[in-house]
Amino acid sequence: MRTINELTEEVRRGAYAESVRIDDLSFDGAMNAIGRLNGLDRTLVCIVVSDGNILVGGGCDGYVVTMDFLDKVVNIVNPGSDVDDFTEVTVGGQAVDYPSTYVVPLQAVDLALREFLLGDESNVPCEVIKK
């Protein structure tokens with residue numbers, strides 16, 4: 001189980017962004033913030049944990065999840081997608097064409113946070129890059 005030390009959501013106002021701290025440093029607090037992502041003015045949630053960072057971007061139509069820990073980087077993947085397809089997802093206010101394998105539904109985000117925050121054995125599909 002990992003401890004959330006800080007939880008922020010980025011709120012864009014035109015070309016400017018404000019990082020808003022969230023007081024509820026729990027799994028539910030993180031999922032509530034992620035649930036507010038809309039792909040427009042809210043496109044990034046940052047979760048600082050005891051041994052790294054979890055970044056969730058996007059909203060509504062798809063999410064990109066990258067976790068940077070002391071010993072590895074973990075990307076949640078969608079194994080059912082075509083490796084040659086790309087999907088536009090806005091993360092941190094920037095629209096990017098991501099390989100569709102990295103664009104996942106909200107259910108996969110939930111499973112990933114349950115596994116990597118709470119220690120549940122959900123076995124969410126992921127790519128692990130050792131450091």
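The values are calculated or read from the model by the stated rules, or taken from the named source; none is laboratory data. Since we're looking at a predicted model, the values are computed, not measured. Don't worry about glycine lacking a Cβ; one is built from the backbone with ideal geometry, like all the others, and counts go over all protein chains shown. Accessible surface is based on the protein model in full, side chains and every heavy atom, while ligands, DNA and RNA are left aside. Shrake-Rupley method; radii C 1.70, N 1.55, O 1.52, S 1.80 Å.
Key figures
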{"read-out": "Among I22, I34, I76: highest mean-square fluctuation, GNM of the chain, C-alpha pairs under 10 Å", "value": "I22"}
{"read-out": "For L111, net neighbour charge (Lys/Arg +1, Asp/Glu -1) across residues whose Cβ lies under 13 Å away", "value": "-3"}
{"read-out": "Accessible surface of L55 - all protein chains present, 1.4 Å probe, nearest 10 Å²", "value": "70"}
{"read-out": "Largest-first principal axis extents, alpha carbons of the chain, Å", "value": "36, 36, 26"}
{"read-out": "Segment 7-131 - accessible surface per residue (Å², probe 1.4 Å)", "value": "52"}
{"read-out": "In nm, spacing of pseudo-spin labels at N38 and C60 (7 Å Cα→C-beta vector)", "value": "0.8"}
{"read-out": "Length released on extending from S50 to D85, taking residue separation times 0.36 nm less the Cα-Cα span", "value": "9.1 nm"}
{"read-out": "Dipole moment magnitude, nearest 20 debye, the chain about Cα centre, only Lys, Arg, Asp, Glu C-beta charged", "value": "300"}
{"read-out": "Highest-fluctuation residue, R13, R42, R114 considered, GNM on the chain with Cα pairs under 10 Å", "value": "R13"}
{"read-out": "Of all accessible heavy-atom area on the chain, the percent that carbon and sulfur account for (1.4 Å)", "value": "48"}
